[in-house]
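Chemist: Got a structure for you, questions after.
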Amino acid sequence: MGVKSIVYKLNSENFKEFKIDNSNNSETLFIIRDFDNIEVKEILRLLKNNRKILISDHSIIDCEKILLIKKSLIENPHLFKNLFISKEVYLKTWFHNDYYDILKELEITNLLSVDDIIKSEAFTRIVIKLKFFDCPSYLLKCLDSSLFLKKLSLESFKVFKFDLVEEFNKLVNFYKEVEANLVTSTSIFIEQNSKEYDIVCNVVDNLVYEDLINIESSKIGIASALDITENTVAQMTPFEKHQVNFPAESSVGWIDVVDLKYKIKKMNIDTLYVNGLELYNNLEEIKVCSEYGFNGNRTKSPQDIDECDSVVPLYSKFDGWQKEILDIQEPSDVPCELLYLISEIKKLTSVNEIVVLLNYLEIRL
């Protein structure tokens with residue numbers, strides 16, 4: 001049985017907009033890569049709703065944050081078991097990408113590879129054996145000419161006193177706290193679970209998960225009719241924000257097809273859900289950012305833009321509908337202006353299917 005769907009958030013910072021499948025034969029996962037930018041209260045909210053969270057490969061985590069989450073669940077310790085951590089994340093906890101180098105320099109094995117660290121149980125166990133710590137002077141001798149240690153000296157000693165033994169001990173102690181939560185890797189974990197369940201994977205941040213791209217699945221993107229990400233190119237005017245009931249000082253934009261199309265292509269998304277179109281009710285004109293203007297040029301790709309370029313949105317404009325759409329029950333009552341808008345967004349984004357969910361209707365084009 002294959003993976004059912006992987007859901008990417010495209011332009012919304014509202015973490016509560018997720019695809020949940022509560023059927024008996026399904027399992028819903030929430031995947032996080034940019035862990036530092038997710039608040040503890042949001043992690044706790046998901047865990048307390050009995051959601052399974054996977055901190056994916058290539059993340060770098062704050063161990064104190066993990067331990068705070070565990071401490072906050074002291075009355076419901078079983079919920080902490082639903083927070084899964086990739087072994088690769090654990091192995092990078094204190095030394096990050098240099099951890100592989102330090103293991104090689106300590107001559108733990110001559111056959112060590114980065115893949116071995118991620119995939120092999122043996123190398124996770126090696127970490128807690130404290131190979132050289134029975135004789136700290138021998139450890140320092142092994143590292144005497146180490147470029148790694150010199151790098152630590154340059155980067156760390158100026159800021160704080162660095163004790164190599166203490167740092168490894170931290171890693172070992174943290175291992176004892178999270179040992180039951182470690183999984184081999186994001187893709188292997190999902191593939192193993194998909195043998196028993198259909199998996200719905202919700203990606204909590206907007207980062208690309210290359211290790212998930214090749215998993216057999218339906219890739220779903222969720223975009224909001226109001227782009228509330230930071231540095232939105234297609235910013236609404238204060239009057240337009242007032243029309244959709246947002247404060248004038250808030251960061252709110254129209255749908256940005258240039259940004260969406262780039263993410264859709266990069267993330268291999270085939271189905272796009274557009275939420276919040278009811279916020280467009282009773283607007284005379286609806287804008288969709290279809291191109292960027294910069295330095296006298298036009299582009300439909302953000303890759304053409306340098307950081308120093310001044311970018312302006314170029315809009316396609318559509319007629320609005322003078323109707324409340326959320327509670328429509330009959331397909332014949334759906335405004336033709338709404339159907340035309342989502343049809344054009346589908347063309348502009350090049351997705352295979354676009355979906356709009358109302359309270360009683362599901363519109364698929």
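Chemist: Quick one: how many Å² of residue 222 are accessible to a 1.4 Å probe, rounded to 10?
Modeler: 10 Å²
Chemist: Counting only heavy atoms of protein chains, what accessible area per residue, in Å², does segment 280-365 have with a probe of 1.4 Å? Show your work: numbers first, answer last.
Modeler: On the way: 5050 Å² over 86 residues.
So segment 280-365 comes to 59 Å² accessible per residue, rounded to a whole number.
Chemist: Among rounded, prolate and oblate, which fits segment 214-327 when a ≥ b ≥ c are the square roots of the eigenvalues of its C-alpha gyration tensor, a/c under 1.5 means rounded, and a/b larger than b/c means prolate?
Modeler: Working: a/c = 1.96, a/b = 1.13, b/c = 1.74.
Verdict is oblate for segment 214-327.
Chemist: With a 1.4 Å probe and every protein chain left in place, work out the accessible area per residue of segment 18-74 in Å², rounded to a whole number.
Modeler: 49 Å²
Chemist: Ranked from highest to lowest mean number of other Cβ atoms within 10 Å per residue, what is the order of the peptides 194-205, 243-254, 274-285? Don't skip to the end; give the middle numbers.
Modeler: Details: 194-205: 20.3, 243-254: 15.0, 274-285: 16.8.
Highest-to-lowest ranking by the protection proxy: 194-205, 274-285, 243-254.
Chemist: Any idea how far the Cα center of segment 323-360 sits from the one of segment 235-298, in Å?
Modeler: Distance between centres, Cα-based: 16 Å.
Chemist: Filter 81/176; 65/195; 41/287; 48/265; 92/176; 65/266 down to the pairs with a C-alpha to C-alpha distance above 25 Å, please. Please list the in-between numbers first.
Modeler: Values: 81/176 14 Å; 65/195 32 Å; 41/287 35 Å; 48/265 34 Å; 92/176 16 Å; 65/266 31 Å.
Pairs exceeding the cut-off: 65/195; 41/287; 48/265; 65/266.
Chemist: Using a 1.4 Å probe over the heavy atoms of the protein chains, calculate the carbon and sulfur portion of the accessible area of segment 265-350 as a whole percent. Can you show the working numbers first?
Modeler: Numbers: 2100 of 4870 Å².
Answer for segment 265-350: carbon and sulfur cover 43 percent of the accessible area.
Chemist: Then there's this: Please give me, ordered by residue number, the GluC sites (Glu not before Pro) of segment 1-80 that lie in loop per DSSP and have at most 13 other Cβ atoms within 10 Å. Write down the numbers at each step before the final one.
Modeler: Working: sites: 13, 17, 27, 39, 42, 64, 75; in loops: 13, 17, 39, 75.
In loop regions of segment 1-80 (DSSP not H, G, I, E or B), the sparsely surrounded GluC sites (Glu not before Pro) are 39, 75.
The values are calculated or read from the model by the stated rules, or taken from the named source; none is laboratory data. What you see is a predicted model, and the numbers here were worked out from it, not measured in a lab. Every residue, glycine as well, gets a Cβ built from its backbone with ideal geometry; the counts of neighbours run over all protein chains shown. Note: accessible area is taken over every heavy atom of the protein model, side chains too, but ligands, DNA and RNA are not part of it. Shrake-Rupley method; radii C 1.70, N 1.55, O 1.52, S 1.80 Å.
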